[in-house]
Amino acid sequence: MIICEVLLAHFKESILDASKNIDPQKLDAVARMGGDFYCRAYGENVFPVPKPNTKLGIGFDQLPISIRNSKVLSGNDLARLANVEKLPDFKNLMSLSPQDEEELHRAAKMLLAEGKTDEAWKVLLN
């Protein structure tokens, strides 16, 4: 209890959100990159990555090579895909018109940004 009170005394409450968690947009953090370079962690550069599930995900090794080597999907996108416990049910795949692989990866990336990992997998496995 005393530790919490001491920690709370070292920052302004104005950086907290309604749940009393630090809001990274209000914090406007700066990070040293090395040498004379710094970066600002603000706006679209700050993004959430869901905490790993408590069960073992399928892992990167189980990602199809075309997905693993995607020019569209980021490392964070791949981590979200690799974190699923199992692949979605093939019976319920989305019925999409045939598209090129890059278009499918872009569609999946948008779904991942919305936190819709299962839907992203369904698009990728189309």
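Points worth noting:
- When restricted to residues that are surrounded by 10 or more Cβ atoms within 10 Å (Cβ to Cβ), at pLDDT 80 or above and not basic (Lys, Arg), the range 1-42 contains 15.
- Residue in the range 63-74 that is surrounded by 10 or more Cβ atoms within 10 Å (Cβ to Cβ), on the phi < 0 side of the Ramachandran plot and in a strand (DSSP E or B) present: no
- Any hit, the range 88-96, residues being crowded, with 17+ Cβ neighbours inside 10 Å and modelled with pLDDT under 90: yes
- Being of a type outside the set (Val, Ile, Thr) and either modelled with pLDDT under 90 or more than 30 Å from residue 15 (Cα to Cα) (or both) holds for only one residue in 101, 114, and it is 101.
The values are calculated or read from the model by the stated rules, or taken from the named source; none is laboratory data. Note that the structure is a prediction, hence the values are computed from the model and not measured. Note that we place each Cβ from the backbone using ideal geometry, even for glycine, and neighbour counts take in every protein chain shown.
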